[in-house]
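See below for the structure under consideration.
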Amino acid sequence: MTAPGSLVGFDAWAALAGDSPISRTEWAAIVGAWSEPHRRYHGLAHLAAVLGLVGELAGAASDPAAVALAAWYHDIAYDPTRTDNEQVSADRARAGLRGLVPEARVDEVVRLVLLTARHDPAPGDANGAVLCDADLSVLAGPPDAYAAYASAVRAEYGHLSDDEFTAGRIGLLERLLALPQLYRLPAVDDEWTARARANLTAELTLLRSRGASAPATPPPAAG
């Protein structure tokens, strides 16, 4: 298993974007963004986890480099008080990758980052399936790991009251459970889907038992 630090190190970035002063500056800015103190779940450990899985699933992608670059940027903008983090992240990817990789790959990275708003890639979208499945892998973790993830997300939304958070989180969980498929890749679908649905259902049951009186804006993040 690759160490988390090496997954987010400059060598891993340079394999995708080259080694140049501009590339080094961009990598440092990306790592700095992912290291913001308010990130209790959506930090460097999450980035490393997604990058590791993207690497493991790369054989299913049509452009593995684009998927990996999208992973670097997919939550580079993460402000729980906003509803447009994916759009801001996509715009940041376009600006940051300009001149570092071909324009066609930049376009694909932007498209993939935007997909993480709903994690619902179209049938046949191999790149989207790899990124979204990797990003949602936390949902299929052991119950204690899932509980730690849910607790960390709650901490990120500390500006919301319990009622507000509960209402928004319920909406998100219901949307995820309503997806025809949580995971699109056969390599992970059989192993992850049952565990993820069990975790989501358990959290949904718990939150419904608490009740909620006000919607949360934006809804708490999925992955």
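The values are calculated or read from the model by the stated rules, or taken from the named source; none is laboratory data. From a predicted model like this one, the values you see are computed outputs, not experimental measurements. Virtual Cβ from ideal backbone geometry, glycine too; neighbours counted across all protein chains shown.
Before moving on, here are some points about what is shown:
- Pairs, first aliphatic (A, V, I, L, M) in segment 174-186, second part of a loop (DSSP other than H, G, I, E, B) and surrounded by 20 or more Cβ atoms within 10 Å (Cβ to Cβ), C-beta under 9 Å, six or more apart: Leu176/His119; Leu176/Leu136; Leu176/Leu182; Leu176/Ala222; Leu179/His119; Leu182/His119; Leu182/Leu136; Leu185/Leu57
- Of the helices (runs of 4 or more DSSP H) lying entirely inside segment 96-207, the ones with 1 or more residues being of a type in the set (S, T, N, Q) and either in contact with a His (Cβ under 7 Å, 6 or more places away or on another chain) or assigned by TED's automatic domain parsing to the domain that holds Ala14 (or both) are found at 126-135.
- Selection status of Pro143, surrounded by fewer than 21 Cβ atoms within 10 Å (Cβ to Cβ) and in contact with a helix residue (DSSP H, G or I) (Cβ under 8 Å, 6 or more places away or on another chain): yes
- Residue in segment 36-48 that is in contact (Cβ under 8 Å) with a residue 40 or more places away in the chain, more than 24 Å from Ala145 (Cβ to Cβ) and over 15 Å from the mean Cα position of the chain (by Cα) present: no
- Tally of residues being closer than 26 Å to Leu182 by Cα and surrounded by fewer than 16 Cβ atoms within 10 Å (Cβ to Cβ) across segment 100-110: 1
- Some residue of segment 20-31 being closer than 25 Å to Ala148 by Cβ, in a helix (DSSP H, G or I) and among the aliphatic types (A, V, I, L, M): yes
- Residues within segment 190-207 that are surrounded by fewer than 16 Cβ atoms within 10 Å (Cβ to Cβ) and closer than 17 Å to Glu56 by Cβ, tallied: 2
- For first residues located in segment 103-118 and in contact (Cβ under 8 Å) with a residue 24 or more places away in the chain and over 13 Å from Asp75 (Cα atoms), partners that are crowded, with 17+ Cβ neighbours inside 10 Å and of a type in the set (Gly, Ala, Ser) and lie 6+ apart or on another chain with Cβ distances below 6 Å form the pairs Arg105/Ala66; Glu108/Ala66.
- Selected residue (criterion: surrounded by the most Cβ atoms within 10 Å (Cβ to Cβ)) from residues of segment 147-184 that are among the acidic types (Asp, Glu) and over 17 Å from the mean Cα position of the chain (by Cα): Glu164
- Residue in segment 67-90 that is touching a residue at least 40 places away in the same chain (Cβ under 8 Å), outside any loop (DSSP other than H, G, I, E, B) and surrounded by fewer than 20 Cβ atoms within 10 Å (Cβ to Cβ) present: no
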